[in-house]
Structures are given as C-alpha cells and as structure tokens.
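Report on the following structure.
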C-alpha cells in the first residue's frame, strides 16, 4: 500500500505537545509517530489480511516493519520501530496485530481528530498486484516469533522506565533495576520520572570520563537506589568527581 497514492493531508493538533506520548517519547519515537499517522488510510480500502479479503477502514493500514522503515529512512532501526509500537500500544494510541500475512495497525480514535469530510477528493486506489501483496511477507513471517518475545519482554516494564533504560548507558541488569530500584522509588510522578530520565542522560555523557579517570560507573540499579539523578550536572558544578564512583580518586586527583 503506497501512501503516496492517497495524496491529501492529515491534521496534527498542537495539544499533542502536552501529551505523554509526545513529551516522554524519544526523538526516534516522535518521527515514527508522525510517520504512522501519515501512513494510515483516510478512506475505506480493500486488502488481503490473514488469507481473506479485508476492508481497511480509515485510520488503519496493513504494512510491515520493513515498509515503515522505508518510509522513515536509514536513521531509525527496525528495533526502534518495534519498541515504539509496543509503547504506543500501551498508551492506547494504536493497536498492532501481526501475522505471517502482514501487520495490521489501527490508530485509535482516528475519527475524533481527523475530519475526513473535508479531505480532498482521492482517485480510486490502484489495483494491487500479486507481487505487491506478497512483498516483505517472508521477512515478516521470519520476525513474528522474535516480535512476540519482544512484546512479552517489554510488557514487564512501564513506559517511563523504558525511556529511562533507553537513556541509561549501561544496559546490564534491566529486570533488577526495575523490580528492586525503580518500583521502590516512593511517590513516583510523571515530573519525577522526567527528572530521572534527564539525570540518566547526563550521567551517560559523564560515563566515559569516569572510566578514563579509573572510576567504576554505576549500574542502573545502584544509580537509582542512590538517587543519583539528584546530582548536579558536572558542567554546573565545574567538576568531574561528583559523578565518580571511587571516593579514593578524589585524593589522587
């Protein structure tokens, strides 16, 4: 399904800037979000789904991870797209059904913010060849099991923690970091989660300096337990040692 055959436009409301799906998304996820909106059909179309004739409604489209990546470009990986789809599904922005015949994505509440009555006239959809219908089917079938495993894995963690984990440089010990540290943080709010995520990004920038000076950077569990997001930015304090995990190095410096 070539989205350029549809022409037209979509509505993008400014209030999106205030939504968690935008404020807490990575720059890659924001690009994926807009691309999915652009790929969604804004009129009824016919497609083959699960070996049967299927009517694609406005806000829906049948695609593949490879097709989404093709529309976005080379700067975003297949794994970025998988992670984004899982997160968007949790936030009830879309539903995502995958079989060996393709991937059906449905944008939830499409009609509530897309006034299809005022869309320009669209020429009839071109007939789809057998080759077009089968494009990427083999690769999609090959990835189904891995995608299910990824979904099951990601379901264990909430969206705020996933953003923290993406920002944190050391990727060891994800489960204990979530179960033994993140979930133990008292009075967790969206504001606090944003501060933690920003602190993780700052700490990731300092990690190389810590290693160069002979220090041992914290793993995520210890970093969260010690509430290291409350440390000031190194540039603000004018020193490296505040981020260093080895107190003996202060005397050596």
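The values are calculated or read from the model by the stated rules, or taken from the named source; none is laboratory data. Remember, it's a predicted structure, so these values are computed and weren't measured experimentally. Reconstructed Cβ throughout: ideal geometry from the backbone, glycine too, with neighbour counts over all protein chains shown.
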Apart from one, (1) outside any helix (DSSP H, G or I); (2) at pLDDT below 85; (3) surrounded by 12 or more Cβ atoms within 10 Å (Cβ to Cβ) all hold for residue 218; the odd one out is (2)
Pick out, from region 43-111, the strands (runs of 3 or more DSSP E) lying fully within it that include 2 or more residues that are at pLDDT 90 or above and assigned by TED's automatic domain parsing to the domain that holds residue 30.
-> 94-99, 102-107
Would it be correct to say that residue 187 is outside the structural domain of residue 80 (by TED's automatic domain parsing), in contact with a helix residue (DSSP H, G or I) (Cβ under 7 Å, 6 or more places away or on another chain) and at pLDDT below 90?
-> no
Within region 78-109, restricting attention to residues that are under 19 Å from residue 25 (Cα atoms) and without any contact (Cβ under 8 Å) to a residue 12 or more places away in the chain, which residue is surrounded by the fewest Cβ atoms within 10 Å (Cβ to Cβ)?
-> 79
With 150, 162 as the choices, which residue is crowded, with 16+ Cβ neighbours inside 10 Å, at pLDDT below 90 and closer than 27 Å to residue 93 by Cβ?
-> 150
Candidates 230, 235 - the one that is exposed (fewer than 14 other Cβ atoms within 10 Å of the Cβ), over 30 Å from residue 69 (Cβ atoms), at pLDDT 90 or above and not assigned by TED's automatic domain parsing to the domain that holds residue 19 = 230
Spot the failing condition for residue 178; the list is (1) in contact (Cβ under 8 Å) with a residue 24 or more places away in the chain; (2) not in a loop (DSSP other than H, G, I, E, B), and only one is missed.
-> (1)
